[in-house]
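A short write-up of the structure that comes next.
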Amino acid sequence: MNLFNLFEGKARTDAFLVAATGVIVWIVALQFDVWDRLTEFLEGHEAWQLDELILGVLCVGFCGFAYSVRRLIELRSEVRRRRTAEDNASWIAMHDPLTRLPNRRFMSEFIQQLAPSTAEGKASHTAFAIDLDGFKKANDLLGHHGGDMVLIEVSDRLRRKFPSDVVARIGGDEFTILVDNQSLQSPVATAQELVGIISEPMIIEGRQVEVGASVGVATPEHVVNPEQLPEYADVALYVAKRSGRNSTKMFDPAMLEYVSGRAKMEQALRVAVRNHDIVPYFQPLIDMEDGKLVGFEALARWQRDNGEFTPPDVFIALAEQAGLIIELSESILRQACKAALEWPNHLTLAFNVSPTQLSDRRLGLRIIEILAETGLSPQRLEIEITESALVRDTEMGMAIVSDLHNAGVRIALDDFGTGFSSLSQLGKLSFDKIKIDRSFVTDCEHDPKRQKIVNAILNLGRGLGIETTAEGIETPAQYALMKQMGCDTGQGYLFSAARAVDDIPELIASFERSQIRAWGRSHSSRMRAAPFPLNPLKAT
Ligand code: C2E
Ligand code: CA
Ligand code: CA
């Protein structure tokens, strides 16, 4: 080891001072012949034994020197260890250990460094905020380790695409890339390219996996200072996420208002779900043959503080995006089951599950648990699953349908005719009912084409031995036509809109008074035929 390397910083200065002092003392000693004088003195005073003493002092000095060198070597390796530990700690603070990409902190510090170097605060970079689509599903499918591998593969792909730019992992499956504008041609094209790169199938633990990506982009024109870049790219990403899988969006100032409006509504929804303010209303299902009431479909209703109702399609979609759908759905099902216990035993309860719930393998189990808890017989429950949800994930759908069937719950295929399911998919899944979508029933009396479609669906149902329900029957003519074509059950404003739980006993009584016979006869106004005024969202 080079002795000089032992000395660093203050140690080096000290060593230099000591050496310089030594040289000065040595020169002075030479000048004054100190050695000759000393030996003369020692020879003159042999009896004092001073030579032994001086030899002893020299030996101690030599040992002290050796000791200091050894301590210095030790100190140096200690300093090195400490430095490595410090480097590691600051690396960990600035990076994601899984993907080894920079993290959010690294990115903010990088942006802060950018800020002063840009002219008049104009950013020199473009930000791309990325969120993976379908990552949760891949994680469920592959397990935690497989999910990690997906993230590492996506990170590698992004790093390969932008080797000299900042590619940061911001959270679970979120990434932000800051690209220097000098190397960027078109932000829009780059965003689409990113979607393409991420969507390429990957092989993880021997299985082929595909994830998608939504991308939000903020360019220097959008921001006053560079620190807004990732924030605005995030806002654009938020909007992209809500436009469906693999969407890309450029930031637009109008998005800020949209996002804050959504955030407010999401907050209100969170409170409403927690307080069970979202309640089921019930719409009757009628036996087409004899006009008798056979059951009710539970339809969720959310009345806001201003008295207005927010449509269920809006708040159900929001609940899905905000991760509230399981809690909301369980709350509505619990309330609906309790209500159904008050009705005559032969009346069924139909309940909708949303498409995202169908990617939850525990869905069947959760429903069965609520039945056990409330005491409603599984034979009285019918779960409505939309056709489009099943097309999205037939395998998971099959598993959930089989859990529910085994427990005795019936399954209806909702909105049939709109979800592009293939006959082979239908063959794989076993259903108890097909609900013909409202769009085929509306105006069917004047439209031979719609009648032919309805007829084909009814034939399919008969062939498979499955019950059929026509949705959205609004006029006696539609009722008569559906009945004549052989549809088993019907639902629609002609019979009644969905009603609040307190109205149901009276509604059941009015059906029992066989008011229903009027459905077929009355060709006058649907308002007169219905036992209650018709407004799908408002109570009277
Ligand atoms: P859906 O399952 O197809 O429900 C039937 C919709 O048609 C209901 O709308 C109902 O009010 C409406 N409707 C019934 N009869 C007629 C009619 O004669 N004419 C017309 N024009 N419409 C009729 P609503 O209550 O607004 O619900 C819309 C959708 O929201 C539902 O469609 C369902 O997909 C979803 N939804 C409602 N409640 C829930 C729920 O508790 N959970 C889930 N996951 N989705 C729900
Ligand atoms: Ca339904
Ligand atoms: Ca429907």
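The values are calculated or read from the model by the stated rules, or taken from the named source; none is laboratory data. None of these values were measured; they are calculated from a predicted model. No Cβ is skipped: glycine too gets one built from the backbone with ideal geometry, and neighbour counts run over all protein chains shown. Ligands, DNA and RNA are excluded from the accessible area calculation, which covers all protein heavy atoms including side chains. Shrake-Rupley method; radii C 1.70, N 1.55, O 1.52, S 1.80 Å.
Points to keep in mind about this one:
- Of the helices (runs of 4 or more DSSP H) contained entirely in the range 160-274, those carrying at least 3 residues that are at pLDDT below 90 fall at 254-274.
- For the range 270-289, the condition of being closer than 30 Å to GLU512 by Cβ, away from ligand 2 (no atom under 16 Å from the Cβ) and touching a Pro at 6+ places or on another chain (Cβ under 8 Å) holds for none of the residues.
- Taking the range 404-424 as the range and being assigned to a helix (DSSP H, G or I), out of contact with any Pro (no Cβ under 6 Å at 6 or more places or on another chain) and in contact (Cβ under 8 Å) with a residue 40 or more places away in the chain as the test, only LEU404 passes.
- Tally of residues being open to solvent by less than 10 Å² (accessible area, probe 1.4 Å) and either near ligand 1 (Cβ under 9 Å from one of its atoms) or farther than 26 Å from LEU365 by Cα (or both) across the range 286-296: 3
- Residue within the range 387-396 that is touching a helix residue (DSSP H, G or I) at 6+ places or on another chain (Cβ under 7 Å) and within 13 Å of ligand 2 (Cβ to nearest atom) present: yes
- Among the residues of the range 193-221, not one is open to solvent by less than 10 Å² (accessible area, probe 1.4 Å) and basic (Lys, Arg).
- The residue that is nearest to ligand 1 (Cβ to nearest atom), among those in the range 322-346 that are surrounded by 18 or more Cβ atoms within 10 Å (Cβ to Cβ) and assigned to a loop (DSSP other than H, G, I, E, B), is LEU324.
- Residue tally, condition out of contact with any strand residue (DSSP E or B) (no Cβ under 8 Å at 6 or more places or on another chain) and within 12 Å of VAL353 (Cα to Cα), over the range 328-338: 1
The rows are residues; the columns are (1) charged (D, E, K, R); (2) in a helix (DSSP H, G or I); (3) within 11 Å of ligand 1 (Cβ to nearest atom).
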| position | (1), (2), (3) |
| --- | --- |
| SER439 | no, yes, yes |
| GLU445 | yes, yes, no |
| ILE473 | no, no, yes |
| TYR479 | no, yes, yes |
| CYS487 | no, no, no |
| GLY492 | no, no, yes |
| SER496 | no, no, yes |
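- One residue stands out in the range 396-417 among those that are among the charged types (D, E, K, R) and within 16 Å of ligand 3 (Cβ to nearest atom): the one that is most open to solvent (accessible area, probe 1.4 Å), namely ARG410.
- Subset of the range 302-321 that is open to solvent by less than 40 Å² (accessible area, probe 1.4 Å) and within 16 Å of ligand 3 (Cβ to nearest atom) - its residue that is modelled with the highest pLDDT: PRO312
- Selected residue [of a type in the set (Ser, Thr, Tyr) and farther than 19 Å from ILE385 by Cα] from SER359, SER260, SER354, SER331: SER260
- Residue match in the range 315-327 (condition: in contact with a Leu (Cβ under 6 Å, 6 or more places away or on another chain) and among the small types (Gly, Ala, Ser)): yes
- Residue list for the range 222-242, restricted to those being farther than 15 Å from ILE130 by Cβ, of a type outside the set (D, E, K, R) and open to solvent by 30 Å² or more (accessible area, probe 1.4 Å): HIS222, VAL224, ASN225, GLN228
- Against the criterion of being in contact (Cβ under 8 Å) with a residue 40 or more places away in the chain and touching a Pro at 6+ places or on another chain (Cβ under 7 Å), GLU174 does not qualify.
- Here ASP432 does not fit the description of being free of Cβ contacts under 8 Å to residues at least 40 places away in the same chain, touching a strand residue (DSSP E or B) at 6+ places or on another chain (Cβ under 6 Å) and within 16 Å of ligand 2 (Cβ to nearest atom).
- Selection from the range 362-391 of residues that are assigned to a strand (DSSP E or B), at pLDDT below 95 and under 16 Å from HIS405 (Cα atoms): ILE385
- Summed over the range 135-148, the residues that are at pLDDT 90 or above and buried (at least 19 other Cβ atoms within 10 Å of the Cβ) give a count of 2.
- Check on LEU429, open to solvent by less than 30 Å² (accessible area, probe 1.4 Å) and away from ligand 3 (no atom under 16 Å from the Cβ): yes
- Residues that are in a strand (DSSP E or B) and within 13 Å of GLY492 (Cβ to Cβ), drawn from the range 427-437: LYS435, ILE436
- Residue in the range 267-281 that is buried (at least 22 other Cβ atoms within 10 Å of the Cβ), basic (Lys, Arg) and over 30 Å from ALA138 (Cβ atoms) present: no
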